[in-house]
Amino acid sequence: MSKSATFVRHKAKPGMRDEVRRVWEKYARPYVAGSNGALSYYYCYDDNDPDTVVVFQLAADQTSGQEFVKQPWFADYQRETADLLAGPSEVRTATPQWVKGGAA
């Protein structure tokens, strides 16, 4: 089965980016750290926008990539970030065609 990539862009309300990260650290980081399906995961601050978070994940397959939103804590995560975000997050998925250091 093909690997799956997910790209997420969160736009925080002005000055709230670190608060969004704290909520992510509370719920998502422990899950990602222990997930065998998440081959790599990058939680990044956008260098050109002080209120934007960019997340990239490479998952073993499409099912593994979708497991994140099915976790029992995910509703709490969404509820706690809702007031911190300027609007809906942008989520894109893609099928890698080539990956450095590994087969796509």
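The values are calculated or read from the model by the stated rules, or taken from the named source; none is laboratory data. Here the structure is a predicted model, which means the values were calculated and not measured. Here the Cβ is made from the backbone with ideal geometry for all residues, glycine too, and neighbour counts use every protein chain on show. Heavy atoms of the whole protein, side chains included, go into the accessibility calculation; ligands, DNA and RNA do not. Shrake-Rupley method; radii C 1.70, N 1.55, O 1.52, S 1.80 Å.
Find the percent of Cα-Cα distances in segment 1-41 that exceed 17 Å, and round it to a whole number.
46
Arg9: accessible area at probe 1.4 Å, nearest 10 Å²?
100
Just to verify a number: what accessible area does Glu90 come out at with the full protein assembly present, 1.4 Å probe, Å² rounded to tens?
For Glu90, solvent-accessible area is about 80 Å².
Under 8 Å for C-alpha pairs, at least 6 residues apart: give me the relative contact order for the chain, rounded to a whole percent.
Relative contact order, the chain: 47 percent.
Return the loop-located chymotrypsin sites (Phe, Trp or Tyr not before Pro) in segment 43-79 (DSSP other than H, G, I, E, B) with at most 14 other Cβ atoms within 10 Å of their own Cβ; answer none if there are none.
Answer in residue order: Trp73.
Keeping all protein chains in position, work out how much accessible area Glu19 exposes to a 1.4 Å probe, and write it in Å² to the nearest 10.
70
Note the per residue figure in Å³ for the convex hull of the C-alpha positions in the chain.
102
Please list Thr95, Thr81 from largest to smallest accessible area, probe radius 1.4 Å, with all protein chains kept in place.
Thr95, Thr81
Could you put Asp83, Asp46 in order of accessible surface area, largest first, with the 1.4 Å probe and the full protein assembly present?
Asp83, Asp46
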